[in-house]
Structures are given as C-alpha cells and as structure tokens.
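Undergrad: After the structure tokens below, expect a handful of questions from me.
The values are calculated or read from the model by the stated rules, or taken from the named source; none is laboratory data. Quick caveat: nothing in here was measured; it's all calculated off a predicted structure. Quick reminder, even Gly has a Cβ in these numbers, built from the backbone with ideal geometry, and neighbours come from all protein chains shown. What goes into the accessible areas is simple: the full protein's heavy atoms, side chains included, and nothing from ligands, DNA or RNA. Shrake-Rupley method; radii C 1.70, N 1.55, O 1.52, S 1.80 Å.
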Amino acid sequence: CVLYLHGNASCRLEGVKVLATCLLLGASVCAIDCSGSGRSQGEYVSLGAFEQHDCRALCEHLRATKRARTLLLWGRSMGAVTALLCGARNEPGVVGVVADSPFSSLRALCYDRVAKATKGVAGEGLLVDAVLGMVASSVRHRAGFDLDDCDALRALPAARAPALFIHGLRDDFIAPKHSRDLRGA
C-alpha cells in the first residue's frame, strides 16, 4: 500500500496524481488529510512535526486491520518531510519512502525564505537571525511546536528503509539543495 501524504495548503485529493502509477504497479493507495488540512481537525499545520504522528497512526491502523502488510510512504513537500520523519521511526512494515521536494529542516527552510526576502538589505545577516527568532517564538507560542521538531536531516540517519528523493531543479520555494543534503545524510 502506498500511503500518500500531501503538501502544505493541500489535501488528500492531491493523491489522485499518483493513483494511476501506483495501481499499474499493483499497489493500493491510501491518502489522508493531515492535521489542519482538508477535512481533518486541527487549527495549525506543523509542516511535518505533528503530521508524522498522523502518518504513524495510519500505518498502525492499516497493519492492524490487515489492509496492508507493507507500506511505502510517498509525500510531496510537507508530506515528504512527514514521510521521512515517520520513516525514520522505523515503523513495522514501512519498506521505503518517496520524498518529492522535501525540505531538510523547517529551520533551514525558514532561514532560506527570510534570507531571500531580505537579500540586499543593510545588516542582512542580523535581520535574518532576528526574524527567524521571531518566527520560532511565534510558532512555539501559537502552534505548540518547535521549528527543530521538524528536522528530517537530523532524523534520517536512524532510518533503515531506503528513500528516493525527487526535486525539480528550478524549484524556487524549496531549493534542490535540501534534497541533496537529505540524500547525503
């Protein structure tokens, strides 16, 4: 069974894009709305920090109900990070991860986005650090998690299942460098 995990600002319907491929390969597909997305409950999307627990619970459910013996986690963007974080927990039955456009860590992604927005501004380095500190504080206070709770680069060395990384070379939101860093972990 392929457990498909959608990207940020999306929902389980994104899984339709991989359905034909999976069915041609003889795999079933299960796609869910992660916390705070689609029809799922939750006020905030955590970009993988909380969603990894949704993934783990679904893996357990699919195995317990005998709907799947082996699972491939396939995610895009936030879903790719979710799949990597869940896969690094070495859940029974997880045989691999397909990570399409993952970020290496939420902190690194935030740093990239702030640095891009402040490029050329006087005191750029100090400004980036200050803004990143405010973002981290706001996330902790409002959404109840730490940026470092979403760090696939740190989690990946514990993973036993293989991972396939896919990333567009012209991706200007999540730089391909993130996938290269993860591949090297």
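Undergrad: Residues of region 138-185 being at pLDDT 95 or above and among the β-branched types (Val, Ile, Thr), which ones?
TA: Correct list: 166, 174.
Undergrad: Identify the single condition in (1) within 23 Å of residue 104 (Cα to Cα); (2) open to solvent by 30 Å² or more (accessible area, probe 1.4 Å); (3) outside any helix (DSSP H, G or I) that residue 56 does not satisfy, given that it satisfies every other one.
TA: Failing condition for residue 56: (3).
Undergrad: Condition test on residue 27, is it buried (at least 22 other Cβ atoms within 10 Å of the Cβ) and touching a strand residue (DSSP E or B) at 6+ places or on another chain (Cβ under 6 Å)?
TA: Considered against the rule, which asks whether it is buried (at least 22 other Cβ atoms within 10 Å of the Cβ) and touching a strand residue (DSSP E or B) at 6+ places or on another chain (Cβ under 6 Å), residue 27 comes out as no.
Undergrad: Taking residue 141 as the residue in question, decide whether it is of a type outside the set (Asp, Glu), more than 13 Å from the chain's Cα centre (by Cα), surrounded by fewer than 17 Cβ atoms within 10 Å (Cβ to Cβ) and over 27 Å from residue 13 (Cα atoms).
TA: Against the criterion (of a type outside the set (Asp, Glu), more than 13 Å from the chain's Cα centre (by Cα), surrounded by fewer than 17 Cβ atoms within 10 Å (Cβ to Cβ) and over 27 Å from residue 13 (Cα atoms)), residue 141 qualifies.
Undergrad: Can you confirm whether residue 83 is among the aliphatic types (A, V, I, L, M) and either out of contact with any helix residue (DSSP H, G or I) (no Cβ under 8 Å at 6 or more places or on another chain) or in contact (Cβ under 8 Å) with a residue 24 or more places away in the chain (or both)?
TA: Here the answer is yes, as residue 83 does meet what is asked.
Undergrad: Are any residues in region 97-138 farther than 22 Å from residue 8 by Cβ and hydrophobic (A, V, I, L, M, F, W, C), and if so, which ones?
TA: 121, 122, 126, 127, 130, listed by residue number.
Undergrad: Of the residues that sit in region 1-21 and are touching a Gly at 6+ places or on another chain (Cβ under 7 Å) and of a type outside the set (Asp, Glu), which one is farthest from residue 62 (Cα to Cα)?
TA: 7
Undergrad: Could you list, in sequence order, all residues of region 135-172 that are in contact with a Pro (Cβ under 8 Å, 6 or more places away or on another chain) and assigned to a helix (DSSP H, G or I)?
TA: Hit for region 135-172 is 152, nothing else.
Undergrad: Here's something else I'd like to know. Enumerate the pairs (first residue in region 124-138 and within 17 Å of residue 109 (Cβ to Cβ); second residue anywhere and open to solvent by 50 Å² or more (accessible area, probe 1.4 Å)) with beta-carbon separation below 7 Å, excluding pairs fewer than 6 apart on the same chain, so at least 6 apart or on different chains.
TA: 128/111; 132/111
Undergrad: Please go through region 136-167 and pick out each residue that is within 19 Å of residue 102 (Cβ to Cβ) and of a type in the set (Gly, Ala, Ser).
TA: Residues satisfying the conditions are 152, 155, 158, 159, 161, 163.
Undergrad: Here is a further query. Mind counting the residues in region 45-97 that are over 16 Å from residue 1 (Cα atoms), polar (S, T, N, Q) and in contact with a Gly (Cβ under 6 Å, 6 or more places away or on another chain)?
TA: Counting residues in region 45-97 that are over 16 Å from residue 1 (Cα atoms), polar (S, T, N, Q) and in contact with a Gly (Cβ under 6 Å, 6 or more places away or on another chain) gives 2.
Undergrad: Can I ask one more? Hey, among 85, 109, 73, 132, which residue is closer than 19 Å to residue 32 by Cβ, part of a helix (DSSP H, G or I) and open to solvent by less than 30 Å² (accessible area, probe 1.4 Å)?
TA: Testing whether each residue is closer than 19 Å to residue 32 by Cβ, part of a helix (DSSP H, G or I) and open to solvent by less than 30 Å² (accessible area, probe 1.4 Å) leaves just 85.
Undergrad: How about region 15-32: which of its residues are in contact with a Leu (Cβ under 9 Å, 6 or more places away or on another chain) and not in a loop (DSSP other than H, G, I, E, B)?
TA: 15, 22, 29, 30, 31, 32
Undergrad: Considering every residue within region 33-51, establish whether at least one is over 12 Å from residue 78 (Cα atoms) and not in a loop (DSSP other than H, G, I, E, B).
TA: no
Undergrad: Sticking with this one: Among (1) open to solvent by 50 Å² or more (accessible area, probe 1.4 Å); (2) at negative phi, there is one condition residue 104 misses while meeting the rest; what is its number?
TA: So the condition that residue 104 fails would be (1).
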